[in-house]
Amino acid sequence: MARHKLTLKRKRLIAAVAAVGAVAGGLGIAAGANASESKEQPVVKVVVKSVLAPAATADVAPAVTYDTGLAPLGARVQVKEELRRDGGTRIELRLRGLVANRAYGAHVHTKPCGKLPADAGPHYQDQADPVQPSVDPKFANPDNEVWLDVNTNEDGSARAIATVDWRFRAGGARSVVLHEKSTSTHAGHAGTAGARLACVNVPFK
Ligand SMILES: [Cu+2]
């Protein structure tokens, strides 16, 4: 596609991106029709930085733990959401203060964190599985959900990045939940990762 002959879809994308850029402000966004692809930066939509607080404080705390052994009080969590120019979404999870050299599962969930682990609801799915709970790998997979599994280093820190080729529905994704195990991909168990250890509220856009 020649740059000066923009398709309608492309024009709409640019208009949307320009609007987002106006909101984001000061991020050096090049939304003009002549901007080269390589200079266009993703748009940062949401950044949440918090520490794990007791689950009993879930109505006011941005992030809580349900297992202070595996997800200690005061452990740090950061989640960043970026909208990609290609229409996709990039989600980054950073953790500090967890158990060293350990695998954890993590996903984007549909509801805010609560006092109970189940309060965060099911995983966010781009194409919703008509059968719930969703354990069919056709729906419960890292292309249709956001999986942020990590392995901590010797300091108990970890980072995960998930990139999907879609955007969240408004208000449809509200938290990231940390689980006790790596996420299963097998039919009948797909998407499961053991107990919910901690949860952080993230108002994904
Ligand atoms: Cu989960």
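Observations on the structure shown:
- Count of the stretch 164-173 residues, restricted to those that are in contact with a Gly (Cβ under 8 Å, 6 or more places away or on another chain) and either closer than 15 Å to LEU148 by Cα or not assigned by TED's automatic domain parsing to the domain that holds LEU70 (or both), is 1.
- Total residues in the stretch 145-195, condition in a strand (DSSP E or B), within 16 Å of the ligand (Cβ to nearest atom) and among the hydroxyl-bearing types (Ser, Thr, Tyr): 1
- Taken over the stretch 98-133, the residue count meeting the criterion of being modelled with pLDDT of 95 or more, of a type outside the set (Val, Ile, Thr) and farther than 16 Å from VAL48 by Cβ is 22.
- Criterion: under 25 Å from VAL202 (Cβ atoms) and modelled with pLDDT under 50 - qualifying residue of ALA56, ALA19, ALA31: ALA19
- Enumeration of residues in the stretch 152-181 that are in contact (Cβ under 8 Å) with a residue 40 or more places away in the chain and within 23 Å of VAL131 (Cβ to Cβ): VAL164, TRP166, PHE168, GLY172, ALA173, ARG174, SER175, VAL177, HIS179, LYS181
- Taking the numbered list (1) surrounded by fewer than 15 Cβ atoms within 10 Å (Cβ to Cβ); (2) within 13 Å of GLU81 (Cα to Cα) in turn, ASP155 passes all entries but (2).
The values are calculated or read from the model by the stated rules, or taken from the named source; none is laboratory data. All values reported here derive from a predicted model rather than from experimental measurement. Because the Cβ atoms are built from the backbone with ideal geometry, glycine has one as well, and the counts that use them run over all protein chains shown.
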